[in-house]
Amino acid sequence: MSPGLAAVATWFRSFARYLGGVLGADAYAKYLEHYHAAGHGEPPLTEREFWRDRTDRQDSNPQGRCC
C-alpha cells in the first residue's frame, strides 16, 4: 500500500471511530469498561439487553433529544 493510501485509510478509520463515538455506537463497550472497573458481582447485561434498557430509558425520559 502506498504511503498516501495508508494515510487516507488511517484518517478514514479515525473518522469512523470518532463518528461512532458521537452517535453512541461505542456505548456498550464503555458500559462494559465501567462495569468491570466497578467490580460488580453479577454478570453484565448482554449487548441486546443493554440496548433495550437504554432505549427504554430514553423513551421514558426524552430529555436532550431532538425528536
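Structure summary
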item: Kirkwood Rh and Cα Rg combined as Rg over Rh, evaluated for the stretch 28-67; result: 1.07
item: Space enclosed by the convex hull of the alpha-carbon atoms of the chain, per residue, Å³; result: 149 Å³
item: 0 to 90° range, to nearest 10: angle between helix 3-23 axis and the chain longest Cα axis; result: 20 degrees
item: Residue-averaged 222 nm ellipticity for the chain, from DSSP H runs of 4+ at -39500 (n - 2.57), nearest 500; result: -23000 deg cm²/dmol
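A short reminder: the numbers here are calculations on the coordinates, not readings from a lab. Predicted, not measured: the structure shown is a model, and the values here were computed from it.
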